[in-house]
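All remarks here apply to the structure that follows.
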Amino acid sequence: MNTLSYQLLLGLSLVGATAQAQAKLETGSKKPMPTEWIDQDTGHKVVRLTRLDGGNASFYFHNNPFIKQRGSEGDLMVFYHTSPAGKQIYTLNLKTYQAQPLTRAFAQVSGEIVAPKSRQVFYQTQDTVYATNIDTKKTRRVFVFPKDFKASITTLNADETELGGAWSTDAEKEISKKYPEKHDYFTRIYEAKLPRTLFSVNVKTAQLNKLFTDSAWLNHVQYSPTDPNLLMFCHEGPWHKVDRIWTINTKTKAVKLVHKRTMDMEIAGHEFFSPDGKTIWFDNQLPRGATFYLTGTNLQTGQEKKYQMTRDEWSIHFTTSADQKLFAGDGGDPGQVAKAPNGQWIYLFHPEGDKFRSEKLVNMKAHGYKLEPNIHFSPDGKWLIFRANFEGEEEVYAVELAPASLKGSLGKAGQ
């Protein structure tokens, strides 16, 4: 083959590859889907980020999974990979899609806590907490829970000196073990009124500090992203029965209610901090299942900001971009609290006055919402990352915020 013929063949191959990558498809219509496609219902490009055999899961919506790149090597995303050997923590390069294991010595790990400044991941196996450096893979033992205080870590404070979580009684653990489905254990644990204790652990000295105990289901524990002494938690239970969202100053032990319900059957939940730590945002329904808002409480002034949305636009989880100019939601199926007839979408929200203008990014009708998608804005703010099972197994995907018709080239998530 002469040089001209080879170049022509190579050019045709590249055109064919681009055309395939740009193919418009109904999301979930094939099993498997190609690694990249254009959602035919929205016009946005979708990329499967995880390409390892087995299950692959992104982090819970308010847990940061990202480590910023050094130079131009590509930002990293931390995720869970499950294989016959067990559940391990991996990193994924958002530029190259290369995945590397961080944990290999343990049968199962949990915790999903990234320390972006020190470039570590904290996690737990049984009663022991470890930390592994992202770059060197060096692992150290951080803490072992005592026999009379078996608990789990869930969060890391802003200066990366303290881990936090909530301890529960053996009696509560037995309820969860006996009734593993949420619809079976949820009300039972709430009504049991068993004590829970908020705690912190110093990551250098391994000192355990018991912060606050209440005969209530203390849950959803999150440190502020900017104030190392501010810890948010909730009173878990049926949302229309609880004043859910609280904070505690870990130094003074002062506890404060963030949002007081204003009417019968009002709900507020799935709370999360704004990136600047100034606001706590939450799903707010006035009353439950009737009118839908994303509400934010300013922690300094107590003033609240509400963005209304339609029933179909309601989402299980919400998140916001780094500059808080955009919001996003992961939608919900008709079985969720909103009873939305057409809510199975990944949404981008544009604040306009006191309402959201929504943009549909991915049609999720082939996704089973028992697996919550849990959205995250990518570090560069150009993609929305979520998990889904529309290919049959749990995988992690990214959808480009800009419509594919406006893009001159494919690009990659995180570039």
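The values are calculated or read from the model by the stated rules, or taken from the named source; none is laboratory data. None of the values given here were measured: they were computed from a predicted structure. Neighbour counts are summed over all protein chains in view; Cβ atoms, including those assigned to glycine, are modelled from backbone coordinates with ideal geometry. For the accessible areas, the whole protein counts, side chains as well, though only heavy atoms, and no ligand, DNA or RNA atoms are used. Shrake-Rupley method; radii C 1.70, N 1.55, O 1.52, S 1.80 Å.
Contact map, region 243-255: residues that are under 19 Å from THR279 (Cβ atoms) paired with residues that are of a type in the set (Val, Ile, Thr) and part of a loop (DSSP other than H, G, I, E, B), Cβ distance under 7 Å, separation 6+ or inter-chain. Pairs shown: ILE245/VAL258; TRP246/VAL258; THR247/VAL258.
Of all residues in region 90-105, those satisfying the criterion of being part of a loop (DSSP other than H, G, I, E, B) and open to solvent by 40 Å² or more (accessible area, probe 1.4 Å) are LYS95, THR96, GLN98, ARG104, ALA105. The single condition among (1) over 22 Å from ASN63 (Cβ atoms); (2) of a type in the set (S, T, N, Q); (3) crowded, with 21+ Cβ neighbours inside 10 Å that SER224 does not meet is (1).
Of the residues making up region 233-280, those that are among the basic types (Lys, Arg) and part of a loop (DSSP other than H, G, I, E, B) are ARG244, LYS251, LYS253, LYS260, ARG261, LYS278.
Mind counting the residues in region 27-55 that are more than 21 Å from SER321 (Cβ to Cβ) and either out of contact with any Leu (no Cβ under 8 Å at 6 or more places or on another chain) or basic (Lys, Arg) (or both)? I'd like the intermediate steps shown before the answer.
Going residue by residue through region 27-55, those that are more than 21 Å from SER321 (Cβ to Cβ) are 27-38, 40-41, 48, 50-55.
Remaining after also requiring either out of contact with any Leu (no Cβ under 8 Å at 6 or more places or on another chain) or basic (Lys, Arg) (or both): 27-32, 35, 41, 48, 51-55.
Final tally of qualifying residues: 14.
With ALA158, ALA151, ALA115 as the choices, which residue is more than 19 Å from the chain's Cα centre (by Cα), in contact (Cβ under 8 Å) with a residue 40 or more places away in the chain and open to solvent by less than 30 Å² (accessible area, probe 1.4 Å)? Write out each step before concluding.
Numbers: ALA158 fails: more than 19 Å from the chain's Cα centre (by Cα); ALA115 fails: more than 19 Å from the chain's Cα centre (by Cα).
So the residue among ALA158, ALA151, ALA115 that is more than 19 Å from the chain's Cα centre (by Cα), in contact (Cβ under 8 Å) with a residue 40 or more places away in the chain and open to solvent by less than 30 Å² (accessible area, probe 1.4 Å) is ALA151.
Here region 40-89 is the region considered, the condition is being touching a helix residue (DSSP H, G or I) at 6+ places or on another chain (Cβ under 8 Å) and in a loop (DSSP other than H, G, I, E, B), and the residue that is least open to solvent (accessible area, probe 1.4 Å) is HIS44. Residues considered: SER315, SER321. Of these, the only one that is within 24 Å of VAL46 (Cβ to Cβ), buried (at least 22 other Cβ atoms within 10 Å of the Cβ), out of contact with any Ser or Thr (no Cβ under 9 Å at 6 or more places or on another chain) and of a type in the set (Ser, Thr, Tyr) is SER315. State yes or no: is LYS137 more than 26 Å from THR250 (Cβ to Cβ) and either open to solvent by less than 60 Å² (accessible area, probe 1.4 Å) or without any contact (Cβ under 8 Å) to a residue 12 or more places away in the chain (or both)? Here the answer is no, as LYS137 does not meet what is asked. In a residue-by-residue description of region 228-249, the property of being among the polar types (S, T, N, Q) and closer than 18 Å to GLN124 by Cα applies to no position.
Reported count of residues in region 207-221, each being part of a loop (DSSP other than H, G, I, E, B) and surrounded by 13 or more Cβ atoms within 10 Å (Cβ to Cβ), is 2.
Looking at region 121-205, the strands (runs of 3 or more DSSP E) lying wholly inside it that each contain 3 or more residues that are of a type outside the set (D, E, K, R) and closer than 19 Å to TRP246 by Cβ sit at 151-156, 162-168, 196-202. Scanning region 332-352 for residues that are over 18 Å from ASN284 (Cα atoms) and among the basic types (Lys, Arg) yields no hits at all. As a summary of the residue check, THR205 satisfies the conditions (1) closer than 28 Å to VAL121 by Cβ; (2) in contact (Cβ under 8 Å) with a residue 12 or more places away in the chain; (3) not aromatic (Phe, Trp, Tyr) except for the one numbered (2).
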